[in-house]
Structures are given as structure tokens and as C-alpha cells.
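The values are calculated or read from the model by the stated rules, or taken from the named source; none is laboratory data. Predicted, not measured: the structure shown is a model, and the values here were computed from it. Note: ideal-geometry Cβ built from the backbone for every residue, glycine included; neighbour counts use all protein chains shown.
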Amino acid sequence: MSTPQQRIQQLTQELNTHNYNYYVLSEPTISDYEFDILLKELEKLEKENPSYADPNSPTQRVGGEVTKVFQTVTHKYPMLSLGNTYNEQDLTDFDDRIRKAIGDDFEYVCELKYDGLSIGIRYENGVLVQAITRGDGTQGDDVTTNVKTIKSIPLVLKSELEIPASFEIRGEIIMPLKGFEKLNQQRIDNDEAPFANPRNCASGTLKLQDSKEVARRPLDCFLYYFMLDEQRFKTHEESIEFARQLGFKVGSYHKKVANISGVFEFIKHWENERYNLPFDIDGIVIKVNSYAQQQELGFTAKVPRWAISYKYKAQSVSTKLNEITYQVGRTGNITPVANLAPVQLAGTTVKRATLHNANEIERLDIRVGDTVFVEKGGEIIPKITAVDLTQRDAQSAPTQFPTHCPECNTLLVRREGEANHFCPNESHCPPQVIGRIIHFVSRKAMDIDGIGAETVEQFYRADLIKNYADLYDLKFEDIVKLDRMAERSAQNILDGLEQSKKQPFERVLFGLGIRLVGETVAKKLAQHFKNIDALAAATKEAMNAVPEIGDKIADSIIAFFADEENRQMIARMKERGLQFVSEYKELVRDSDALLGKSVLISGVFEGVDREDLKKMVEAHGGKNASGVTGKLDYLLAGENMGPSKLEKAEKLKVKIISLGEFMEMIGS
Ligand code: IVH
């Protein structure tokens with residue numbers, strides 16, 4: 001007789017193996033029924049012996065935990081994307097660039113480009129500890145609880161191998177087509193809006209708060225990128241095989257090829273074969289196999305030089321244009337939208353397509369009633385590529401762009417040299433006002449919990465707010481009166497608003513929605529002017545003195561502060577306690593260790609933000625350089641820096657230092 005502890009261990013192991021056989025290998029060795037019996041036995045034993053229950057037990061795959069808010073976390077290594085190519089010539093150019101850099105002696109690995117969402121999964125001592133979405137590449141959402149319900153992702157790695165103590169593996173979470181169709185049928189039966197495509201379905205599922213519901217949906221995950229601090233593999237292929245041995249699903253679709261002709265063959269094979277796959281792909285990924293060569297090739301700011309994707313040509317269909325409507329955006333831009341007779345395209349029903357602006361309408365000479373060709377590239381929004389003139393009604397007349405705003409009837413303006421028409425009624429055109437408030441509360445601006453686009457719209461329609469400053473005068477009684485508003489949500493909103501008063505000046509400035517003042521510009525202005533009064537009083541010349549602030553931005557800022565309504569809103573928000581003074585203190589120098597020295601920071605550094613390093617350089621008397629020249633004193637080299645920069649620095653005899661050496665220099 002085994003003890004409960006032994007039986008729990010035995011069952012855990014058995015069930016893990018069955019999960020692996022079923023979900024990774026697609027080769028089950030027992031029936032679902034037999035599996036359920038084992039699972040029930042384990043559940044029972046765990047309940048009776050809670051001290052032996054393991055958070056990574058196969059019983060936990062059914063979910064249960066609810067994630068209220070997905071925490072934003074910073075990726076240890078930035079999550080880069082890939083350069084895209086669309087034809088043979090682009091690929092030949094890619095191949096030429098590689099051969100120029102490393103010669104002819106190399107191999108490629110071709111892989112499928114899974115059409116899902118990327119995920120980074122971290123394992124410590126063989127146990128899954130965290131899973132993060134790509135987010136903006138620097139920061140993503142912690143979706144660990146939901147990822148743990150995906151049965152093909154091992155929670156505990158097979159222990160007979162020598163497992164790196166800590167590593168991250170990246171891959172793509174997908175919704176297989178069968179699961180997608182089944183889910184959509186259920187949604188249609190329940191009168192719910194179906195998902196547009198499997199990718200949307202996968203991302204919607206991964207962001208569900210209830211992990212039990214996630215567990216019910218058949219998400220899957222293919223892994224394709226092993227990230228390890230130490231050098232363990234010689235080739236990408238080897239790393240993928242290792243991942244397979246650890247129990248990850250890496251698929252058996254990849255192929256090593258000797259040269260670009262091999263790549264073309266692979267592409268050709270999958271061009272048609274992809275329709276027989278049980279999941280969507282949107283192209284092929286081509287990677288240089290050797291890690292040493294990958295390192296030699298390095299990265300640009302955004303993408304690796306050793307890999308690229310090839311996207312299959314968009315599918316095209318024809319349909320009828322029923323109507324052109326005109327949308328008014330947050331900044332008053334008018335976007336013509338084509339309303340189409342619904343048509344199936346690449347797994348989606350297409351009903352609308354953007355027409356961009358009046359030039360595009362003119363270029364296509366598109367008219368209501370026309371038969372048009374619609375294409376879908378990588379983007380969700382389809383586009384119209386041409387009009388089928390053979391089908392045109394002889395009576396049709398050219399499309400007239402409206403002269404007045406469809407929302408507020410103000411005369412539209414089209415600035416010299418600009419393609420877009422816009423509505424100048426900034427402060428009273430409803431979509432502009434609502435849009436500006438939505439921008440103000442959005443994640444990258446004030447990040448106000450509890451208020452999303454719909455709530456803003458609801459507040460505005462109920463006459464509770466006319467601008468973002470009004471948000472801070474909202475009262476509990478007013479909010480709770482609204483339709484579908486629970487007391488708890490109302491309090492949440494007020495708490496969120498209170499919390500937002502702590503947001504730093506640069507975010508408030510970005511939130512104000514001054515034309516052309518994006519996140520980066522707001523940061524620069526906040527650092528330079530330190531407070532809103534100094535910015536409001538600044539002349540064009542003073543603004544031009546800030547790097548990257550040109551005449552257009554300066555004019556836009558001046559126009560913003562010239563508006564009495566804007567000044568009043570700022571005064572009110574100041575009174576309510578929002579931050580209009582930058583936290584960036586006058587620089588007090590920490591030491592003179594780098595006095596008179598110039599430093600160029602290149603590459604990425606584990607655990608340290610590049611902006612922080614730049615501040616450190618200045619805090620110790622140094623100057624930040626922007627390129628490698630003979631005058632440069634130090635090149636602070638991080639991971640993944642471009643080989644050409646390194647080469648140039650070596651040639652010019654610039655001293656190359658590591659992060660450790662840098663820290664030592666500044667006595668940190
Ligand atoms: S490798 C640094 N391999 O495509 C290289 N990506 O457009 C990292 N993707 O963000 C990516 N299948 O989400 C790689 N076999 C594959 C892929 C793949 C799909 C996605 C991934 C990435 C995006 C880039």
C-alpha cells in the first residue's frame with residue numbers, strides 16, 4: 001500500500017504524462033474517461049491531504065483563480081518583433097545583407113509564423129513561475145494564472161534532464177480553428193457577438209478574468225525561442241530540440257535549409273499546405289541557425305538582423321459598396337469609412353473598410369454602388385485596393401467629400417499640404433470632446449482605474465462632464481445614479497480619480513491631448529520646463545531649444561495655452577491637486593568621476609533602464625554621446641548591440657566598457 005503522499009506523486013506524474021501525450025504529442029494512450037477517473041482520484045486525495053496539494057498539480061489546470069487586474073510587468077529582455085517581407089526580392093535582399101556581413105557559410109531554419117499572440121514564460125528550478133504578454137515589447141501583462149490552464153504548457157519540467165535554473169521561453173498562444181469555430185457557434189447560439197478571427201479569440205480568451213472559463217477554451221501554445229543567460233546552444237535548432245525534450249510543444253513544422261533557395265521551397269510548400277493546418281499562420285519565419293552568427297549579426301533598435309518574416313499575400317475578394325460614412329476622430333480628423341455588403345475574407349466577415357481621406361477616395365474614384373476589391377493584410381482593418389469599373393453603374397456620380405462636420409455641422413478645414421479634412425470645433429464637437437477625455441484617462445496618460453471609453457461616453461451623455469477637468473468634480477451621488485452603475489463601481493471610479501492625482505507631470509501633460517504632444521515629447525517638455533507655468537509662458541524660441549521640439553509642435557503648444565478654456569481647466573485641475581510640477585530635480589552632481597568624458601550607451605542591459613544609465617552619466621559629470629566618433633571616450637556596451645558600432649569603436653580605439661566597469665567607475 002502506498003501512502004497518500006506517494007499516491008499523489010504517482011498520480012501527478014501519470015496525469016502529467018497523459019496531458020503531454022494528448023496535448024503536445026497528440027497521441028493519447030488512454031481514453032478521456034480513464035483520464036477523468038485518475039484526475040478525480042487525485043482531486044479527492046489532495047482535498048483530504050491539503051498539505052501535499054501542489055499549486056502545479058494537474059488538478060489546477062481547471063483554473064479557479066480570478067484575475068481582477070492584470071499586473072503590468074517589465075520584460076527581462078525586451079520582446080522584439082520581426083521585420084516583414086512580402087516577396088522574393090525582399091528575401092533576396094535579406095539574404096544579401098546577411099552574406100555581406102557573415103559570408104556564405106551559414107544555414108537557415110524556416111518556421112511557421114503562428115498567428116496568435118506572443119508570450120514569454122519564465123521557469124525557475126523547473127517550475128513555471130510567470131507568463132507575460134508582449135504588451136509594448138518593454139512591458140506586458142502578467143497572465144500567469146490563465147496560461148497555467150493551457151494544457152500543452154508544462155507546469156513542471158521533466159526532471160531527468162539538466163534544466164537551467166532560470167530561463168524564459170517565448171512562443172505564440174493560438175486558438176486552433178476547431179475550437180474557434182465551436183466557441184463562435186456557442187456565442188451565436190447565446191446571442192453574443194462572435195469573434196472576428198482565431199487570433200482575436202485567443203487574445204480575448206487570455207485576457208478573461210476568470211481562469212475557469214479560460215480553462216474551458218482550447219488555447220494552445222507553440223514555443224520558438226529559448227532565452228538563457230548562459231551560452232548553452234550552438235544553434236537555434238539545438239535550442240528548439242532541447243525545448244522539445246523539456247516537454248514543450250515546438251511542433252514539427254520547422255526545417256533547416258542550406259540557402260535561400262531552400263527558403264523559397266519552404267515558402268512555396270506552405271503557401272497552399274497552410275490551409276490544411278489545424279490553426280492559422282500568417283507567414284513564415286526565417287532564422288539564421290548558428291547562435292554565434294546570430295550574435296554577429298545582432299539587432300537593430302526593433303528587430304533582429306538574423307531573422308525575418310515572410311507574409312503570405314493577402315487574400316482578396318470583391319463586394320459591393322453600400323455607403324460611405326464619415327467618422328470624426330479625437331483630434332477632429334475626418335475618416336471616410338466604406339460600408340460594404342458583408343463578405344467572408346481570410347476567416348473574417350468584412351463589413352467596413354477605411355478609405356483614409358479625400359485623396360484616397362479620389363485615387364480610387366470610388367462611388368456608392370461600386371463593386372470593390374477588398375484585401376486583408378496583417379492588419380485587422382481591411383482595405384479597398386481597387387474598383388471593378390466593369391461593374392459600374394453608368395448613372396453613378398463621383399463621391400463628394402462633405403463640407404461640414406457630420407457630428408456638429410462645423411465647416412471642415414483642410415490645411416495646406418495635408419491629406420485629411422478636420423473639424424476645427426475642438427472644444428464642442430462631441431466625438432472630439434469625448435475622445436480627448438478618453439485619451440486623458442487612458443493607460444498611458446492618467447491611467448484611471450474604473451473609467452474606460454464607455455464610462456466616459458456615459459458621463460458625457462448624462463451631462464456630468466464636458467471636459468477632463470470636470471472628472472475631478474464628479475460626486476458619488478451623480479455617478480451612482482447612472483444606468484448599470486453599481487455602488488462599488490462608483491466608488492472605484494472616485495478612488496481611481498483620487499489615485500490619478502499622483503501621476504507625474506509628464507503624464508498629465510501627455511493627457512492634456514495637445515496636438516503633436518505625444519508621450520515622448522511630453523516627457524522632454526516636462527524635463528526641460530519643469531512645470532506647466534514655465535511651459536505656458538515659453539516662447540517659440542525657448543521651445544525650439546529643447547531637442548526634437550520643432551516649429552510645428554511649438555505652435556501647437558502656444559495655441560493650446562492661448563485658449564482661455566484650456567487655461568481655466570488647468571487652473572481647476574491644479575486646485576484639485578494634480579501634478580503640474582516635474583519631479584525631476586535640478587541635477588545635483590553625485591561626483592566628478594566622468595567630468596569632461598563622453599559616453600555612448602548601446603545595447604540592452606539586464607535590469608537597468610537605458611534612460612537611468614544616461615541620467616547616471618550626467619550625474620557624474622559626463623556627457624551622453626549619440627554616435628561613435630573619434631572623440632568618444634567610452635562605449636558602454638550592453639547585450640545585442642550592433643556589430644558595426646562595435647567594429648567602428650574598436651577601429652577608432654574607443655574604450656569599450658561593460659556595465660560592471662561603468663558602475664565601478666562611478667563608484668556604485
Ligand atoms: S521569433 C526576436 N518565430 O511573430 C525574434 N516569432 O512579427 C522573436 N511569431 O512577435 C520572434 N511565429 O509573436 C518567431 N516561429 C516564430 C513565430 C513568431 C509567430 C510572432 C511573434 C513575434 C511576431 C513578429
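For this structure, a couple of remarks:
- Verdict on Thr145 being among the polar types (S, T, N, Q), part of a helix (DSSP H, G or I) and in contact with an Asp or Glu (Cβ under 6 Å, 6 or more places away or on another chain): yes
- Checking each residue in region 361-373 for being surrounded by 17 or more Cβ atoms within 10 Å (Cβ to Cβ) and acidic (Asp, Glu) picks out only Asp370.
- Residues within region 451-466 that are crowded, with 17+ Cβ neighbours inside 10 Å and in a loop (DSSP other than H, G, I, E, B), tallied: 3
- Odd one out for Arg274 among (1) of a type in the set (D, E, K, R); (2) modelled with pLDDT under 95; (3) within 16 Å of the ligand (Cβ to nearest atom); (4) in a loop (DSSP other than H, G, I, E, B): (4)
- Region 468-507 - residue that is in contact (Cβ under 8 Å) with a residue 60 or more places away in the chain and under 12 Å from Val441 (Cβ atoms) and, of those, surrounded by the fewest Cβ atoms within 10 Å (Cβ to Cβ): Gln503
- Residues located in region 9-49, provided they are over 23 Å from Pro176 (Cα atoms), polar (S, T, N, Q) and assigned to a helix (DSSP H, G or I): Gln9, Gln10, Thr12, Gln13
- Meets criteria (part of a strand (DSSP E or B) and either more than 16 Å from the ligand (Cβ to nearest atom) or of a type in the set (A, V, I, L, M) (or both)) for Val73: yes
This table checks each residue for (1) out of contact with any Lys or Arg (no Cβ under 9 Å at 6 or more places or on another chain); (2) among the small types (Gly, Ala, Ser); (3) more than 30 Å from Gln503 (Cα to Cα); (4) modelled with pLDDT of 85 or more.
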| position | (1), (2), (3), (4) |
| --- | --- |
| Ser598 | no, yes, yes, yes |
| Val608 | yes, no, no, no |
| Lys614 | yes, no, no, yes |
| Leu635 | no, no, yes, yes |
| Gly638 | no, yes, yes, yes |
| Ala649 | no, yes, yes, yes |
| Val654 | no, no, yes, yes |
| Phe662 | yes, no, yes, yes |
| Ile666 | yes, no, yes, yes |
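- Just one of the listed residues (Lys113, Lys68) is under 30 Å from Asp141 (Cβ atoms), assigned to a loop (DSSP other than H, G, I, E, B) and among the basic types (Lys, Arg), and it is Lys68.
- Residues that are modelled with pLDDT of 90 or more and touching an Asp or Glu at 6+ places or on another chain (Cβ under 9 Å), drawn from region 512-526: Ala522, Leu525, Ala526
- Region 121-147 - residue that is in contact (Cβ under 8 Å) with a residue 60 or more places away in the chain and touching a His at 6+ places or on another chain (Cβ under 9 Å) and, of those, nearest to the ligand (Cβ to nearest atom): Gly137
- Restricting attention to region 218-262, the residues that are assigned to a strand (DSSP E or B) and either at pLDDT below 95 or not acidic (Asp, Glu) (or both) add up to 11.
- Residues located in region 99-119, provided they are within 15 Å of the ligand (Cβ to nearest atom) and in contact (Cβ under 8 Å) with a residue 60 or more places away in the chain: Tyr108, Val109, Cys110, Glu111, Leu112, Lys113, Tyr114, Asp115, Gly116, Leu117, Ile119
- Selection of strands (runs of 3 or more DSSP E) fully inside region 292-360 by the criterion of at least 1 residues being within 30 Å of Phe106 (Cα to Cα), at pLDDT 95 or above and among the β-branched types (Val, Ile, Thr) returns 307-311.
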